[in-house]
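Let me begin by presenting the structure, written as structure tokens, before commenting on it.
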Amino acid sequence: MFFKNRITRFNYLKMVSNTEENYLKAIFKISEKETAPASTNAISTEMHTSAASVSDMIKRLAEKDLVLYEKWKGVTLTKEGKKIATNLIRKHRLWEVFLVDKLNFSWDEIHPIAEELEHIKSTKLVQHLDEFLGFPKFDPHGDPIPDEHGNFTFRKQVQLSEFKKGKGIIIGVDEHSTQFLQYLDRLSLTLGTSIEIIEVIDYDGSVRININDNKEQIISNKVAKNLFVKPI
């Protein structure tokens, strides 16, 4: 009986639920952006839940050796936790490419669908999906897609808000909300669009730009902070 109980507990510890996977992905993204351990408050904001719920989940993940928690410092992923989070991100972004390139979804529709598809467990399916799509390096929002070994492809990019002069091409967005992406569509500020900085307005940091050499537009500092540009 004791041996059986140990096996049952071992199997429990190996199992990772969809919710636990989502937490691991959130911790990964927060740590990546802030280059520091993820705070409980940051995780709470990312997951749209209470600090108490986050604390309970951290304990569960720590029990499974997926995270490390240091009081006053925050949460970091273990090697296994990072592997799970990276794989989840890989699946999410591959499905986004599939939805846009093969099923003609628009870039503002795909995030919630990919949130569901990313939890499919089949490794073989993901490998075939990657091959079918031609091993893409970036998703429709410009985010890098990790390969099967968890390696990301990075490229030189800057926030448009930090791009003070010259020309560039929009290669990514930092916000994926439907409202924001639809707004960018209305302004013709989609991936691949060429822009030129005409003026950065001191008062509020808004930016006057020329789009594709034929249209001037003033965009807010908030929009500029959420656009990534490759200088040319």
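The values are calculated or read from the model by the stated rules, or taken from the named source; none is laboratory data. No experiment lies behind these values; they were computed from the predicted model shown. For neighbour counting, all protein chains shown are included, and Cβ atoms are generated from backbone atoms with ideal geometry for every residue, glycine included.
For segment 152-171, which residues satisfy the criterion of being over 15 Å from Ile232 (Cα atoms) and either at pLDDT 95 or above or of a type in the set (A, V, I, L, M, F, W, C) (or both)? Across segment 152-171, the qualifying residues are Phe152, Phe154. Does segment 201-213 include one or more residues that are among the aromatic types (Phe, Trp, Tyr) and surrounded by 15 or more Cβ atoms within 10 Å (Cβ to Cβ)? Within segment 201-213, not a single residue is among the aromatic types (Phe, Trp, Tyr) and surrounded by 15 or more Cβ atoms within 10 Å (Cβ to Cβ).
Working only within segment 30-40, note down all residues that are surrounded by 15 or more Cβ atoms within 10 Å (Cβ to Cβ) and not in a strand (DSSP E or B).
Scanning segment 30-40 gives Ile30, Ser31, Pro37, Ser39, Thr40.
In segment 123-154, the qualifying residues are those that are over 19 Å from Asn22 (Cβ atoms) and of a type in the set (Gly, Ala, Ser), and the one that is surrounded by the fewest Cβ atoms within 10 Å (Cβ to Cβ) is Gly134.
All conditions in (1) in contact (Cβ under 8 Å) with a residue 12 or more places away in the chain; (2) within 14 Å of the chain's Cα centre (by Cα); (3) farther than 26 Å from Tyr203 by Cα hold for Glu175, with the sole exception of (3). Residue-level check: of (1) of a type in the set (Asp, Glu); (2) over 28 Å from Gly142 (Cβ atoms); (3) crowded, with 22+ Cβ neighbours inside 10 Å, Glu80 misses just (3).
Pairs are defined by a Cβ separation below 8 Å, a sequence spacing of at least 6 or placement on different chains, a first member in segment 204-231 that is free of Cβ contacts under 8 Å to residues at least 24 places away in the same chain, and a second member that is part of a helix (DSSP H, G or I) and surrounded by fewer than 20 Cβ atoms within 10 Å (Cβ to Cβ); the pairs so defined are Asp204/Asn221; Ser206/Asn221.
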